[in-house]
Amino acid sequence: MSGISEEYWCAGWMHNLEYMLWDVVTGRREGICSPEEIEQLKYLSEKCGGWIIWDEQAKGERFIPMQDWLRLYEAKRLETAE
């Protein structure tokens, strides 16, 4: 994910990257990365059973289980919809 961020935006981890890439994986957004990258993100997420987020406190990437990610993602979606 950080590689995609670096390649497309010249940023080690672009703000809200995890949400934008999840939107791509779930088909809510298009045109951010290649079909191969999307498939790889899907595959890796399914294989590990989770997603990577930016942990502001740790100032780095952190794995979270899919159940926790889906709750976080939905909360963010509701927040931005208001």
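How would D68, D55 line up by accessible area, probe 1.4 Å, largest first?
Largest to smallest exposure gives the sequence D68, D55.
Relative contact order, percent, of the chain when contacts are C-alpha pairs under 8 Å separated by at least 6 residues?
Relative contact order, the chain: 19 percent.
Under the rule of -39500 (n - 2.57) per DSSP H run of 4 or more residues, summed and divided by the residues of the chain, what mean residue ellipticity at 222 nm is obtained, to the nearest 500 deg cm²/dmol?
Mean residue ellipticity at 222 nm (helix-derived): -17500 deg cm²/dmol.
What number comes out for the charge environment of G31, summing +1 per Lys or Arg and -1 per Asp or Glu over other residues with Cβ under 15 Å away?
That sum, taken over residues with Cβ under 15 Å, equals -3.
Just the number please: accessible area per residue for the chain, 1.4 Å probe, all protein chains included, in Å².
Roughly 67 Å² per residue, with all protein chains present.
Quick one: with all protein chains in place, what share of the accessible area of the chain is carbon or sulfur, to the nearest percent (1.4 Å probe)?
Within the chain, the accessible surface is 52 percent carbon and sulfur.
Can you tell me how the chain classifies by the Cα gyration tensor, rounded, prolate or oblate, using a/c under 1.5 as the rounded cut?
Here the chain falls in the rounded category.
Excluding Y19 itself, what net charge comes from residues whose Cβ is under 9 Å from its Cβ, given Lys and Arg +1 and Asp and Glu -1?
It works out to a net charge of 0.
The values are calculated or read from the model by the stated rules, or taken from the named source; none is laboratory data. Since the model is a prediction, treat every value here as computed from it, not as a measurement. Cβ coordinates were reconstructed from backbone atoms using ideal geometry, including for glycine residues, and neighbour counts include every protein chain displayed. These accessible areas exclude ligands, DNA and RNA; they are computed on the full protein's heavy atoms, side chains included. Shrake-Rupley method; radii C 1.70, N 1.55, O 1.52, S 1.80 Å.
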